[in-house]
Protein chains: 2
Amino acid sequence: MSAAKLTKVRIVGSGLIGTSIGLGLIQGGVAVEMVDSDPQSQLLANDLVGGTRLSSPDLVVLAMPTSQLPMVIESEFAINPNSTFIDVGSVKVEVELKVKTVSALSRRFLPTHPMAGREIGGASSARADLFQGRSWILTPSQDLEPGSKAIVLELISLLGATPIELSAVDHDRAVARISHLPQVAASLMAKQLSGTPAAWMELAGQGLRDTTRIAGSDESLWKEIIFSNRAELRELLINLQNDLGSMVEALEDPEKIAALIAAGRTGRDLIPGKHGGKAREYSYLPIVIDDKPGQLGAIFNECAAMDVNVEDLSIEHSPGQLSALITLALSGSDAEKLSSHLGSIGWNVHPIRK
Amino acid sequence: MSAAKLTKVRIVGSGLIGTSIGLGLIQGGVAVEMVDSDPQSQLLANDLVGGTRLSSPDLVVLAMPTSQLPMVIESEFAINPNSTFIDVGSVKVEVELKVKTVSALSRRFLPTHPMAGREIGGASSARADLFQGRSWILTPSQDLEPGSKAIVLELISLLGATPIELSAVDHDRAVARISHLPQVAASLMAKQLSGTPAAWMELAGQGLRDTTRIAGSDESLWKEIIFSNRAELRELLINLQNDLGSMVEALEDPEKIAALIAAGRTGRDLIPGKHGGKAREYSYLPIVIDDKPGQLGAIFNECAAMDVNVEDLSIEHSPGQLSALITLALSGSDAEKLSSHLGSIGWNVHPIRK
């Protein structure tokens, strides 16, 4: 394999994935240029990333929906004829076919798919650690230049992800099951909420929230993914539809209901526990505060005084209540330190949860 | 309403819900006795909670599956003929019918349903704050004694939950949609994972994990809930089945796919933003800050000085990164006010998002 050295990367598309790649690369000491057809997105992305103008990038990342690839792929190749190229789209057989139509390009174009994302898109949701501990799938063609592959492997390594090689066909089958089917299931489940009285929706708990979280995703992105992978999705959708029919038939027999719920748990147990996400070992400190201005500021002043860094925070207000429950995510030692300090000066601190 | 004073509570059933109630009550200064048909469970629960033997409890909590109520309800009533009773089951029409068969009992039995739980059951998963900020549904009969209702309201208040009155029929309809249908959808989605190669499962991301989280639930609990509420669930299941059929038909037409995914987002948007909170139209103000103690405190001090109330907050950063993006959820007018103020004193404020 040729020695590669990744120093300059041009990222075309400053959405969630493109900007997150940019953030991660800058941290790794790589020069980055963020490019976007929307000037405001480009501005925010470059502000966040610290991008600069670059010439002759080692790598051009096409971070856009697959349907937009044809509009930029040839012009990008014309500007940077010696660069290596990747895309980051969710379906790969289609990209493989597109790239093959330009033979010079296909030797330096590696279709890829980072297995990371959020239901909120856009540069402002980007995170440098989005790919940490995630899988990054490569579907290389047989004529790919070894130097190009080495450059892409360096990118993936810098971003903390794990490269996994699959054929484009196997990739599309796998993501149909573990990503595209769950998206359709979540969206259609959420669709059933239509028309529910607001008073009933107030009762929603974490189960409904989790089950439908990805139903908040953007339909313009997902219509492309689902359409592109429809050949693999069709049978999976029909199987799920049939299982719903089985549940309707099982409703008069508790043991048949139990068998279907148990089959779900068996399927759920196949999901690995420790992959697919960087384990963040936070401790959680719940504090009940008065729900009024000044309270959060006071707590954060105490955090600063104690040299405690808040990693994340959630705020839960209850209807009709004058108090709010805030939960701080902290390192274990910071949680202990802050808990005893806040408790000693009269804050309503609850036991730390791991 | 009669003056109530909750001092002694007998909790029959020492699973997750019963033990969590016990823990919360002890913290609130109420004497508790944990009772369980399994002596070892009873011992563990009393150890966890700090329970004691009690006579003449103000309140008896029947914290067991609804199918087990008939086995204990009359004996418990015989032991404590002057106590108030509640159950905590997930389906209420059935309980209402059972209670009505004993007229003396029905005046002091209030069917309830705390909207809290975890996918892990058992006393060892219990938490004193399980009900904090959650809704607790009451379905009182017309002949319920006011003193009994006052006692139950005191329990709910002590545990930090918010009481919500519904008819038993409306309760069962509401939970069919916001709890039981999501359970079935998650379980049947997870069932589709059966037979997936382990190498593909390694690619699973957060979307699949969230969508199927509650599929890890116990089938012996859920077979009862689903069976008890089958009358309300049947049509919802058939609707979901039909929508899956619509998706299969839509696969050749991206715009039809988009319409179904968008309908899912519309349904998802009906879920209030906070636990039990109202859905509100927030504006989001992104601010890039140095990732070090003191920055958040400084911002919240500015919020307090400007009389701006922060509804929610997300912090996005990664260890080692020198800046963090915080996004404040605010009312529209507060967002405008804070944005121009922070901008004028040199904070790196980005455009407000709706």
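Please work out, to two decimal places, the log10 of the ratio I(q)/I(0) at q = 0.11, 0.14 Å⁻¹ from a Debye calculation in which every Cα of chain B carries one identical scatterer. For chain B at q = 0.11, 0.14 Å⁻¹, log10 I(q)/I(0) is -0.94, -1.18.
Note on the range A:1-104: Kirkwood radius taken over Cα pairs, Stokes-Einstein applied at 37 °C and 0.692 mPa s, translational D equal to 233 µm² s⁻¹. Taking amide hydrogens as placed 1.01 Å from N in the peptide plane, the amide H of B:LEU313 sits under 5 Å from those of A:ILE315, B:ALA329, each at least 5 positions away in sequence or on another chain.
Only helices enter this figure: runs of n ≥ 4 DSSP H residues, each worth -39500 (n - 2.57), summed and divided by the residues of chain A, yield -13500 deg cm²/dmol at 222 nm to the nearest 500. Model label sites at B:ALA104 and A:GLN142, defined 7 Å from Cα along the beta-carbon direction, differ in position by 8.8 nm. Between this copy and the others, label points of B:GLU249 are 2.3 nm apart in ascending order, each placed 7 angstrom from Cα in the Cβ direction. Amide H to amide H, with H built 1.01 Å from N, A:PHE109 comes under 5 Å of A:PHE85, counting only residues 5 or more places away or on other chains. Between B:ILE287, B:ILE26, B:ILE73, the residue with the greatest mean-square fluctuation in the GNM of chain B (Cα pairs under 10 Å linked by springs) is B:ILE287. The long axis of helix B:219-228 is offset from the longest Cα principal axis of chain B by roughly 80 degrees.
Give the value in nm², to one decimal: projected area of the alpha carbon convex hull of the protein assembly as shown, averaged over all directions. List each step's numbers first, then the result.
Working: hull surface 125.7 nm².
Projected area, direction-averaged: 31.4 nm².
Residues B:THR112, A:THR19 in ascending order of nearby Cβ atoms (within 10 Å, fewest first): B:THR112, A:THR19. Across the copies of the chain, A:ALA104 has label points (7 Å from Cα along Cα→Cβ) spaced 9.7 nm apart, shortest distance listed first. Normalising the average separation of contacting C-alpha pairs (under 8 angstrom, six or more residues apart) by the number of residues puts the relative contact order of chain B at 13 percent. Think of the range A:1-100 as having a plus end and a minus end, set by charges on the Cβ of Lys, Arg, Asp and Glu; of A:GLN68, A:LEU6, A:VAL49, A:LEU6 sits farthest toward the positive end of this dipole. Where both bridge residues fall in the protein assembly as shown, DSSP classifies roughly 50% of the beta bridges as antiparallel.
Under a Cβ-only charge scheme (Lys and Arg +1, Asp and Glu -1), can you give me the dipole magnitude of the range B:8-166 about the Cα centre, in debye to the nearest 20? Don't skip to the end; give the middle numbers.
Values: 12 positive and 16 negative charges, 31 e Å.
I would put it at about 140 debye.
The 3J(HN,Hα) values that the Karplus relation (6.51, -1.76, 1.60; θ = phi - 60°) gives for the range B:173-180 are, in residue order, 5, 5, 6, 4, 7, 9, 10, 6 Hz. Gly and Pro appear as x. Placing a label point 7 Å from Cα along the Cα-to-Cβ direction at B:GLU336 gives distances to the equivalent points in the other copies of 5.0 nm, listed shortest first.
When ranked by the protection proxy of mean other Cβ atoms within 10 Å per residue, highest first, what sequence do the peptides A:233-243, B:132-142, A:176-186, B:212-222 form?
Top to bottom by mean Cβ count within 10 Å: A:176-186, B:212-222, B:132-142, A:233-243.
Between amide H atoms placed 1.01 Å from N, distances below 5 Å from A:TRP136 occur with A:MET115, A:THR162, A:ILE164, all of them 5 or more places distant or on a separate chain.
Net charge within 9 Å of A:SER14 by Cβ-Cβ distance, Lys/Arg positive one each and Asp/Glu negative one each, not counting A:SER14 itself?
Local net charge: -2.
With no solvent and one point on each alpha carbon, what is the Debye value of log10 I(q)/I(0) for the range B:171-268 at q = 0.15, 0.18, 0.22, 0.23 Å⁻¹? One equal scatterer on each Cα of the range B:171-268 leads to -0.77, -1.04, -1.27, -1.30.
How many partner chain Cβ atoms sit within 10 Å of a residue's Cβ in peptide A:123-135, on average, as a whole number?
Per residue, the number of nearby Cβ atoms from other chains is 4 on average.
Computed over neighbours whose Cβ is under 10 Å from that of A:LEU105, the net charge equals +2, Lys and Arg +1, Asp and Glu -1.
Reducing the range B:63-107 and the range B:184-238 to their Cα centroids gives an inter-centroid distance of 31 Å. For the residue pairs A:LYS100/A:LYS149; B:LYS5/B:LYS149; A:LYS5/A:LYS100; A:LYS5/A:LYS149; A:LYS256/B:LYS223, the C-alpha atoms sit more than 20 angstrom apart in A:LYS5/A:LYS100.
Against chain A, whose longest principal axis is taken from its Cα atoms, helix A:69-79 shows a tilt of about 60°.
Bear in mind that the values in this text are calculations on the coordinates, not laboratory data. What you see is a predicted model, and the numbers here were worked out from it, not measured in a lab. Neighbour counts run over all protein chains shown; Cβ positions are idealised from the backbone, glycine included.
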